[in-house]
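The values are calculated or read from the model by the stated rules, or taken from the named source; none is laboratory data. Here the structure is a predicted model, which is why all the values come from computation and not from measurement. Counting neighbours? That spans all protein chains shown, and the Cβs are built from the backbone with ideal geometry, glycine included.
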Ligand SMILES: Nc1ncnc2c1ncn2[C@@H]1O[C@H](COP(=O)(O)OP(=O)(O)O)[C@@H](O)[C@H]1O
Ligand SMILES: O=C(CO)[C@@H](O)[C@H](O)COP(=O)(O)O
């Protein structure tokens, strides 16, 4: 496809935890436009911190659904002001933070179908949601519902064999069960339940968009092998749930043309197609064009580690999702809640709030931190399930503080040792040729990536822009147009820019971190034994 002033464009949106982002890719796969809306600073009326509200129980975490709607109004206006020619957009797709749920009030489908192009989405969708504060992935308030679901499915492992994961608090089915039990009226008033991804697709489609197989795998409801809702899980979750969810579709599916609202208000072409939206991690896998054998480390609000899998091997730790670009494959994912926000806290306390000084602390301290190891679980961690901060001296004695520079290195080394330990437990092994592909906001920090390379003892690569979920969504939009004819994602994207090498392990890294990993594993066991009831 030749790129030129009138060449086609493909848009990829990402509704992530802290912001809405977009990229436009042209027919030659060049990124020609990028934009974003930061929720906290650009939409202060919603009073979020890091895009969310943490409730007083410290377990419930929600985001205002209208904040996402208003962010879409805002980003499209910014794109228009920047001169983006929407009539060139041939297809669009997108992603959302995973697991979060949106509850459309009865009648909302009619509103979506009859949107007035002279008004904003925010003006018209004010009363379209039966729940104004959507539960999001940081929520950990549905433990009871998780226990119930595991019992109903025949145990945690059995549930993992069906849905790819044992029951997790943030997984959508458990959030739906909690809503149905604690706020029956809101549940009753909903005519449709979307994930953040399919909610965003619905706005573009002017109708309810189907949940895709890949993001649908993060609900504890989808049978990842048959790719249909699991009867046993639906029944254990809430009555008549299949009607509220609609049927899931392949992640490559074209859902339909963009709604006439966008044609009339922004000048989109009537033939612009909406390709199924998916989760932000699956979209990142597409954006980095992950290959079997690679390991991806995303350093967004959450830290995640994910791999391409041929065959699912569900376990009690980690998640298996349907693959977003190849319907026969899968992906494995580990999620860590104490990622960027914990790094920001330590940056503020030990580096005067400056990433420059934070990076300098990493440069000024030796690999292995002279034996000091730290665990920084500011909030209840997902992998493993534990909360609290623990610091150990070289003799494994717990100590109450480190000097600021040692604290910075202990945090970053501790985080990456944990990512490696749990990835290896998932069956991953670092072999010659392994590439670590880094993405997310913190992947712009070279010193952090050097520690990542050292701890994993593998070269680290990044793509040009730190938001691979957006880029992946642009790529998926392009692929979606030809996927039905059998064209593979890798063939269609074969000319996309390759990830670039940004860090290689230092000579002593292997010796230092193989040793340290063993200590880290023992200390993590000790913390788990001491802190779990
Ligand atoms: N130079 C930097 N060094 C380390 N972390 C950074 C740097 N710049 C941004 N970040 C981190 O990136 C995070 C946002 O990452 P991003 O991938 O955009 O998040 P999300 O997609 O979840 O909204 C911020 O919380 C911030 O801590
Ligand atoms: O819960 C998970 C994955 O299981 C998180 O990774 C969310 O998908 C949030 O993503 P970011 O906003 O941190 O990228």
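Odds and ends about this structure:
- Test result for residue 92, in contact with a strand residue (DSSP E or B) (Cβ under 9 Å, 6 or more places away or on another chain), in contact (Cβ under 8 Å) with a residue 40 or more places away in the chain, more than 16 Å from ligand 1 (Cβ to nearest atom) and in a helix (DSSP H, G or I): no
- Options 167, 209: the member that is assigned to a loop (DSSP other than H, G, I, E, B), crowded, with 23+ Cβ neighbours inside 10 Å and either more than 16 Å from ligand 2 (Cβ to nearest atom) or more than 19 Å from the chain's Cα centre (by Cα) (or both): 209
- Given (1) touching a strand residue (DSSP E or B) at 6+ places or on another chain (Cβ under 9 Å); (2) under 21 Å from residue 499 (Cβ atoms); (3) assigned to a loop (DSSP other than H, G, I, E, B), number of the condition residue 28 does not satisfy: (1)
- Checking each residue in segment 384-399 for being assigned to a loop (DSSP other than H, G, I, E, B), without any contact (Cβ under 8 Å) to a residue 60 or more places away in the chain and in contact with a strand residue (DSSP E or B) (Cβ under 7 Å, 6 or more places away or on another chain) picks out only 393.
- Search result, residues across segment 218-233 that are out of contact with any strand residue (DSSP E or B) (no Cβ under 9 Å at 6 or more places or on another chain) and buried (at least 19 other Cβ atoms within 10 Å of the Cβ): 220
- The lone exception for residue 306 - which of (1) within 27 Å of residue 445 (Cβ to Cβ); (2) in contact (Cβ under 8 Å) with a residue 60 or more places away in the chain; (3) within 16 Å of ligand 2 (Cβ to nearest atom); (4) in contact with a helix residue (DSSP H, G or I) (Cβ under 9 Å, 6 or more places away or on another chain) it fails: (2)
- Summed over segment 35-51, residues that are surrounded by fewer than 15 Cβ atoms within 10 Å (Cβ to Cβ) and either at pLDDT below 95 or more than 16 Å from ligand 2 (Cβ to nearest atom) (or both) total 4.
- Being out of contact with any strand residue (DSSP E or B) (no Cβ under 6 Å at 6 or more places or on another chain), at negative phi and modelled with pLDDT under 95 is true of residue 239.
- Counting only strands (runs of 3 or more DSSP E) wholly contained in segment 411-514, the ones carrying 1 or more residues that are away from ligand 2 (no atom under 16 Å from the Cβ) and within 22 Å of the chain's Cα centre (by Cα) occupy 436-439, 460-462.
- Flag if residue 276 is under 25 Å from residue 496 (Cβ atoms) and either within 16 Å of ligand 1 (Cβ to nearest atom) or surrounded by fewer than 19 Cβ atoms within 10 Å (Cβ to Cβ) (or both): no
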